[in-house]
Amino acid sequence: MIKACIFDLDGVIVDTAKYHFIAWKRLAAEFGYELTEAQNEKLKGVSRMGSLELLLEWAGVKKTEEEKFEMTERKNIWYRALIKEMDSSEILEGVMPFLENLKENKISFALGSASKNSNTILEQVGLSDCFEAVVDGNKTTRSKPDPQTFELGAEALHLKSEECIVFEDSQKGIEAALRGGFYAVGIGEEEVLSKAHLVIPNFIGLTFENIVEKLS
Ligand code: BG6
Ligand code: MG
């Protein structure tokens, strides 16, 4: 029986990929590399250091561990300046009614994100007190596709993985959910997230009951 939902943050609750793109693009430009939107897609769900490592690999640039640390810090300063401008209007359409529907039906829900900026984003958009548990990049030691983020979320809700639905927009996140034994619902395009149990374009017009029906 499905008793709870675990939501990824970036790309599921809000669209922050556009801000990550601006900041990574600025960093890449420093070593003469032009990051494309298609490459930015591949960074979805990937940790901050993991993203930099991919970027350096694409550009064929080598950096020391110290330099890499400094680069991720700088990128994060630029990114934080952008997210500090966010407000509740950036919550993706359909999300608030869906969360309200969960509350009405007494379905628990948690956040499971790779981002170390999760709490800042939740504060900016007015959702700080909304989730029963928040598992972010500060609480995990293993990145998606490892299921640790979602496992900690289920644990905080005192539930088993097979009792929770994970909502994810990235392939790595869907893989993490599946590896952990969760129901995996992809938010986005079927071709990209085909491994998920179910793919929906967004939450518009959907209820918890609708999702459970589609999963069974
Ligand atoms: C994920 C994003 O949610 O968080 C990635 O999809 C990002 O693009 C990762 O790199 C880490 O985020 P942050 O905020 O800790 O740099
Ligand atoms: Mg995401």
Looking at GLU175, GLU155, GLU209, GLU189, can you tell me which residue is of a type in the set (D, E, K, R), more than 19 Å from the chain's Cα centre (by Cα) and outside the structural domain of VAL46 (by TED's automatic domain parsing)?
GLU209
Hits in the stretch 183-193 - residues which are within 11 Å of SER170 (Cα to Cα) and open to solvent by 20 Å² or more (accessible area, probe 1.4 Å)
GLY188, GLU189, VAL192
GLU163 being in contact with a strand residue (DSSP E or B) (Cβ under 7 Å, 6 or more places away or on another chain), surrounded by fewer than 19 Cβ atoms within 10 Å (Cβ to Cβ) and in the same structural domain as GLY137 (by TED's automatic domain parsing):
yes
For residues in the stretch 194-215 being in contact (Cβ under 8 Å) with a residue 24 or more places away in the chain and part of a helix (DSSP H, G or I), which is surrounded by the fewest Cβ atoms within 10 Å (Cβ to Cβ)?
GLU209
Of the residues that make up the stretch 131-140, is at least one at pLDDT 95 or above, more than 19 Å from ASN105 (Cα to Cα) and in contact with a Phe, Trp or Tyr (Cβ under 7 Å, 6 or more places away or on another chain)?
no
When the stretch 130-160 is examined, which residues are found to be in a helix (DSSP H, G or I) and either open to solvent by 10 Å² or more (accessible area, probe 1.4 Å) or in contact with a Lys or Arg (Cβ under 9 Å, 6 or more places away or on another chain) (or both)?
GLN148, THR149, PHE150, GLU151, LEU152, ALA154, GLU155, ALA156
Taking only the stretch 62-91 into account, find how many residues are surrounded by fewer than 17 Cβ atoms within 10 Å (Cβ to Cβ) and either at pLDDT below 95 or touching a Gly at 6+ places or on another chain (Cβ under 9 Å) (or both).
2
Can you name the condition, by its number, that VAL199 falls short on among (1) in contact with a Gly (Cβ under 6 Å, 6 or more places away or on another chain); (2) closer than 25 Å to ARG48 by Cα; (3) hydrophobic (A, V, I, L, M, F, W, C)?
(2)
Take the residues in the stretch 19-78 that are within 12 Å of ligand 1 (Cβ to nearest atom), of a type in the set (A, V, I, L, M, F, W, C) and not in a helix (DSSP H, G or I); name whichever of them is farthest from the chain's Cα centre (by Cα).
LEU43
Selection from the stretch 125-181 of residues that are under 18 Å from VAL95 (Cα atoms) and either away from ligand 2 (no atom under 16 Å from the Cβ) or of a type in the set (D, E, K, R) (or both)
GLY126, SER128, ASP129, CYS130, GLU132, ALA133, CYS164, GLU168, ASP169
I'd like to check something: does the stretch 1-14 contain any residue that is open to solvent by 60 Å² or more (accessible area, probe 1.4 Å), more than 16 Å from ligand 1 (Cβ to nearest atom), of a type in the set (A, V, I, L, M, F, W, C) and in contact (Cβ under 8 Å) with a residue 40 or more places away in the chain?
yes
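The values are calculated or read from the model by the stated rules, or taken from the named source; none is laboratory data. From a predicted model like this one, the values you see are computed outputs, not experimental measurements. So basically every Cβ, Gly included, is an ideal-geometry build from the backbone, and we count neighbours across all protein chains shown. Protein only, heavy atoms only, side chains kept; ligands, DNA and RNA dropped before computing areas. Shrake-Rupley method; radii C 1.70, N 1.55, O 1.52, S 1.80 Å.
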